[in-house]
Amino acid sequence: MAKKKGTQKKQTKKEVWKSFTADEYQQAAKEMVHFSAKSVNSNTPAFGIRLDKSLNLDLPYVAASTMERTYVPMDYTKNVGKRATVVKQINAIRHQKSEQFQNIPQADIEAILACNQTLDLGYLSENSVGIRLRQIILQDANGNDVAATPLPCAGLSALINGRLDEEYETENPMDSEGNRKNVTRFIKRKRVYLGIGGANPQNVGLNVRAMQKTLIFKVPIANISPDMRQVLAIYYKGIPIKPNKKILSEFIRWQGQVLERNFKVKPSSLDISEKENDFLIKITRDFLINAEKKVNLLKKHIEKLPDKKICSAKLPFIQQALLDSSLRTMEWRREFSRKMYAEIKDTLVWVNHEQMALQNSHLDWLDVIEGVLR
């Protein structure tokens with residue numbers, strides 16, 4: 001009898017479920033994470049982060065921080081004892097994948113479901129970040145340097161792989177002889193293998209194998225609009241209220257010259273006050289002119305923005321009114337003036353090879369800034 005070409009999909013044998021106590025499930029759940037340091041360097045001390053369910057970011061990216069948290073499988077930070085099995089079973093119940101097991105005791109199901117409250121809360125390992133991990137230096141909203149440690153989410157990789165597998169099965173079903181006909185599209189989806197986890201990836205994490213199948217994409221070509229990245233950044237983040245550092249450095253340099261001529265004491269004169277006001281007006285107008293350019297850029301691409309609105313509803317009101325002038329009120333003008341005043345007097349700039357800030361600032365400047373907004 002002739003053999004058929006290809007083979008029918010084999011039926012996966014179900015795994016044997018191993019029972020654990022409620023305390024064992026709770027202890028494992030307490031330390032389950034979305035991001036694990038081991039996935040970057042298997043020799044680094046165990047460290048991980050679990051995202052709080054309620055803290056989703058409103059950003060147009062596929063990321064663990066933007067997705068419904070219960071969809072993203074979690075992992076262990078260190079494979080000790082029976083931890084890998086416990087975590088695997090927790091994920092199976094939590095993500096409705098229990099069909100891979102046979103004869104699951106109801107007591108185990110109830111014990112795992114009782115862990116949901118713990119798993120929905122944020123968690124950060126108590127130990128310090130290992131020195132083997134990479135760090136990048138970023139600036140926060142105030143211009144201060146912050147050391148950040150990038151960590152991948154193996155659970156997100158598992159979700160993406162699962163989605164690709166589902167598409168493959170749906171669009172390329174087997175024929176009666178066990179062959180697939182329409183595989184061309186998937187052959188073009190290039191992937192490479194990364195040896196994450198070494199010879200024993202299960203020691204790094206439950207989902208680390210999903211990170212080994214890396215997708216390759218061509219660099220996006222901005223053939224529709226080269227401004228869209230900037231547009232989306234403004235839409236979701238607003239416009240940082242910051243003074244022009246070049247004008248501010250001129251202000252500080254002039255102020256230093258005045259103090260130098262007057263034995264470090266600021267003289268009380270109308271000319272000095274008017275010159276200060278001129279600098280404040282120049283800084284505020286410069287910011288508003290640049291903000292208006294960004295608003296015009298948003299308006300240009302309004303049809304491509306969510307709900308065709310000029311800014312995200314999740315932005316602070318001060319930013320919403322900055323982008324949408326129809327929302328500006330007397331309260332907004334005062335709040336904007338406070339923010340700009342704080343930035344002008346506190347921002348450090350380089351003057352004569354030294355970082356300096358303004359001296360002898362006073363609250364009368366608030367009225368000057370607010371006057372520009374009227």
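The values are calculated or read from the model by the stated rules, or taken from the named source; none is laboratory data. Source: prediction; values computed, not measured. Every residue, glycine among them, receives a Cβ derived from its backbone with ideal geometry; neighbour counts consider all protein chains shown.
For region 181-208, what are the residues that are small (Gly, Ala, Ser) and modelled with pLDDT of 80 or more?
Gly195, Gly205
Which residue pairs have Cβ atoms under 6 Å apart, sit 6 or more places apart or on different chains, and have a first residue in region 250-278 that is under 23 Å from Leu366 (Cβ atoms) and a second that is of a type in the set (Val, Ile, Thr) and surrounded by 13 or more Cβ atoms within 10 Å (Cβ to Cβ)?
Hits for this filter: Ile252/Val351; Asn277/Val368.
Could you list, in sequence order, the residues of region 318-374 that are of a type in the set (Gly, Ala, Ser) and either in contact (Cβ under 8 Å) with a residue 12 or more places away in the chain or within 15 Å of Phe287 (Cα to Cα) (or both)?
Ala321, Ser325, Ser337, Ala342, Ala357, Ser361, Gly371
I'd like to check which helices (runs of 4 or more DSSP H) are fully inside region 66-176 and have at least 1 residues that are more than 27 Å from Phe20 (Cβ to Cβ).
154-171
Could you list all residues from region 47-58 that are touching a helix residue (DSSP H, G or I) at 6+ places or on another chain (Cβ under 7 Å), modelled with pLDDT of 90 or more and in a loop (DSSP other than H, G, I, E, B)?
Listed by number, the residues that qualify are Phe47, Leu51.
Among the residues of region 303-333, which ones are of a type in the set (S, T, N, Q) and in contact with a helix residue (DSSP H, G or I) (Cβ under 7 Å, 6 or more places away or on another chain)?
Ser312, Gln320
Looking only at region 45-68, filter to residues that are surrounded by 11 or more Cβ atoms within 10 Å (Cβ to Cβ) and acidic (Asp, Glu); which one of those is nearest to Lys30 (Cα to Cα)?
Asp52
Checking the structure you have, find out if any residue of region 42-58 is touching a Cys at 6+ places or on another chain (Cβ under 6 Å) and among the small types (Gly, Ala, Ser).
Step one: list which residues in region 42-58 are touching a Cys at 6+ places or on another chain (Cβ under 6 Å), which gives none.
Looking for residues that are touching a Cys at 6+ places or on another chain (Cβ under 6 Å) and among the small types (Gly, Ala, Ser), one finds none in region 42-58, hence no.
Tell me, please, whether a residue that is in the same structural domain as Gln202 (by TED's automatic domain parsing), under 22 Å from Val208 (Cβ atoms) and surrounded by fewer than 10 Cβ atoms within 10 Å (Cβ to Cβ) can be found in region 133-156.
no
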